[in-house]
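The values are calculated or read from the model by the stated rules, or taken from the named source; none is laboratory data. The structure displayed is predicted, hence computed values, not measured ones. Note that each Cβ is placed from the backbone with ideal geometry, even for glycine, and that neighbours are counted across all protein chains shown. Accessible surface areas use protein heavy atoms only, side chains included; no ligands, DNA or RNA. Shrake-Rupley method; radii C 1.70, N 1.55, O 1.52, S 1.80 Å.
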Amino acid sequence: MIKVGIVGGTGYTGVELLRLLACHPHVSVEAITSRSEAGTAVSELYPNLRGHYDELTFSDPDAERLSHCDAVFFATPHGVAHALAGELLDKGTRVIDLSADFRLRDSDEWAHWYGQPHGAPELLGEAIYGLPEVSRERIRQARLIAVPGCYPTAVQLGLLPLLEAGVIDTERVIADCKSGVTGAGRGAKVPSLLAEASESMKAYGASGHRHLPEIRQGLSDAAGVPVGLTFVPHLTPMIRGIHATLYARLIADPGDLQALFERRFAGEPFVDVMPPGSHPETRSVKGANVCRLAIHRPGDGDTVVVLSVIDNLVKGASGQAVHNLNLMFGLDEQAGLEAPAIMP
Ligand SMILES: NC(=O)c1ccc[n+]([C@@H]2O[C@H](COP(=O)([O-])OP(=O)(O)OC[C@H]3O[C@@H](n4cnc5c(N)ncnc54)[C@H](OP(=O)(O)O)[C@@H]3O)[C@@H](O)[C@H]2O)c1
């Protein structure tokens, strides 16, 4: 069994890791941290996990204890993995970070967007951006993974085939995205209250959101040139889910767009290119590690519209993190990730 630890086990991505790993045939969770719930049994806080982790109790983060694991997931706010990852790597423990700490290659850009100096710039050289559909072979060799953000996953998967084929205008790409409220984490915040978030919808970060530089970095890598992206996220009254509507202008004959996407993602276990004319729903990916895509070309004009849906907590975070773990340890890629979505 691969022994893993989770730092930040009481948050939404932490408990989603626990849910997924409960059915993983080759992983045992040895340590799980929470400063506020140290001493509480996992099954007491999360009764859905009763019968799976009956011996497991939250504890304070302790690098020495965590270093006995083969791999440690960080399901924590930014800055926490900066402080602990180096010590764990030195002791031979691999690190899979769900936060933004190692996603941007440029530490100055990270400091600009996160409002504090980068805490571990010396590790950036070896951090691998864990989008398996792009970096599968590098992930297999990695010691330190930066799991992509939720919006960045939905947007990049929807645009990669077009950028790699060089058929769209790279100067003006638009990502109009909607997220459920778990995207903001479990901490109590007024905008997440039922009376604030339900029966309403609003944009936020329209002038610049922290995921913008991350998405631009990935899209520019795919295109080979800088990509001009307008990214506007919205908060919607659902618990889980991201819906990205992506707009781009065709500048070259793409041939059969549907076939382009089907070819690009052929053999990818976690990307589903839906039949022509489809409109994927967020509920069709709820709880599942899958991105569903549909491609449209309204009126056969020069605008291509891609619809991309994921569960922010699964393909947008914890499921993708487990996929990375499977690759790093030479396991079946789909281990622990085979459950279909929950409908209705
Ligand atoms: N929610 C999503 O949809 C989503 C998607 C993709 C990526 N992410 C990223 O994943 C990370 C976790 O997100 P989340 O939504 O699960 O957050 P969350 O619900 O707010 O949970 C944060 C967890 O981190 C722990 N924590 C907070 N400060 C800590 C510190 N200084 N040292 C150690 N532990 C600390 C908390 O427990 P204690 O305070 O009790 O220690 C809690 O268990 C974030 O970086 C987020 O940006 C989230």
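Residues checked against (1) among the basic types (K, R); (2) not in a loop (DSSP other than H, G, I, E, B):
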position	(1), (2)
D272	no, yes
P275	no, no
S278	no, no
S284	no, yes
A288	no, no
I295	no, yes
V304	no, yes
K315	yes, yes
Quiz item: Residues R50, R35, R65: which one is open to solvent by 60 Å² or more (accessible area, probe 1.4 Å) and touching a helix residue (DSSP H, G or I) at 6+ places or on another chain (Cβ under 7 Å)?
Solution: R50
Practice problem: Would you list the strands (runs of 3 or more DSSP E) that sit entirely within the stretch 108-194 and hold 3 or more residues that are more than 16 Å from the ligand (Cβ to nearest atom) and either touching a Leu at 6+ places or on another chain (Cβ under 8 Å) or more than 28 Å from A259 (Cβ to Cβ) (or both)? | Solution: 173-179
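Taking the condition out of contact with any helix residue (DSSP H, G or I) (no Cβ under 9 Å at 6 or more places or on another chain), of a type outside the set (D, E), loosely packed, with under 15 Cβ neighbours inside 10 Å and in a loop (DSSP other than H, G, I, E, B), does A339 pass? Can you show your working first?
On the way: out of contact with any helix residue (DSSP H, G or I) (no Cβ under 9 Å at 6 or more places or on another chain): no; of a type outside the set (D, E): yes; loosely packed, with under 15 Cβ neighbours inside 10 Å: yes; in a loop (DSSP other than H, G, I, E, B): yes.
In short, no.
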Quiz item: Yes or no: V305 surrounded by 15 or more Cβ atoms within 10 Å (Cβ to Cβ), of a type in the set (V, I, T) and touching a Phe, Trp or Tyr at 6+ places or on another chain (Cβ under 8 Å)?
Solution: yes
Practice problem: Could you please let me know if H26 is within 15 Å of the ligand (Cβ to nearest atom), in the same structural domain as L98 (by TED's automatic domain parsing) and of a type outside the set (D, E, K, R)? | Solution: no
Exercise. Would you mind finding the one in P269, P276, P254 that is surrounded by fewer than 24 Cβ atoms within 10 Å (Cβ to Cβ) and within 28 Å of Y12 (Cβ to Cβ)?
Key: P269
Self-check item: Residues being within 13 Å of the ligand (Cβ to nearest atom), open to solvent by less than 20 Å² (accessible area, probe 1.4 Å), under 15 Å from D62 (Cα atoms) and out of contact with any Gly (no Cβ under 7 Å at 6 or more places or on another chain) - total across the stretch 74-99
Solution: 2
Exercise. Go through the stretch 195-206 and give me each residue that's closer than 22 Å to I310 by Cα, out of contact with any helix residue (DSSP H, G or I) (no Cβ under 8 Å at 6 or more places or on another chain) and not in a loop (DSSP other than H, G, I, E, B).
Key: K202, A203
Practice problem: Give the residue, chosen from H209, H243, that is in a strand (DSSP E or B), within 16 Å of the ligand (Cβ to nearest atom), open to solvent by 30 Å² or more (accessible area, probe 1.4 Å) and within 15 Å of S179 (Cβ to Cβ). | Solution: H243
Self-check item: Which numbered condition R216 fails, given (1) more than 20 Å from E164 (Cβ to Cβ); (2) open to solvent by 30 Å² or more (accessible area, probe 1.4 Å)
Solution: (1)
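Restricting attention to the stretch 1-32, report how many residues are of a type outside the set (A, V, I, L, M), on the phi < 0 side of the Ramachandran plot and crowded, with 17+ Cβ neighbours inside 10 Å.
Step one: filter the stretch 1-32 for residues of a type outside the set (A, V, I, L, M), giving 3, 5, 8-14, 16, 19, 23-26, 28, 30.
Next cut, on the phi < 0 side of the Ramachandran plot only: 3, 5, 9-14, 16, 19, 23-26, 28, 30.
Next cut, crowded, with 17+ Cβ neighbours inside 10 Å only: 5, 9-14, 16, 19, 24, 30.
So the count comes out to 11.
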Quiz prompt | Pairs, first in the same structural domain as K178 (by TED's automatic domain parsing) and among the acidic types (D, E) in the stretch 277-300, second open to solvent by 10 Å² or more (accessible area, probe 1.4 Å) and in a strand (DSSP E or B), C-beta under 9 Å, six or more apart | solution = E281/H243; E281/R292
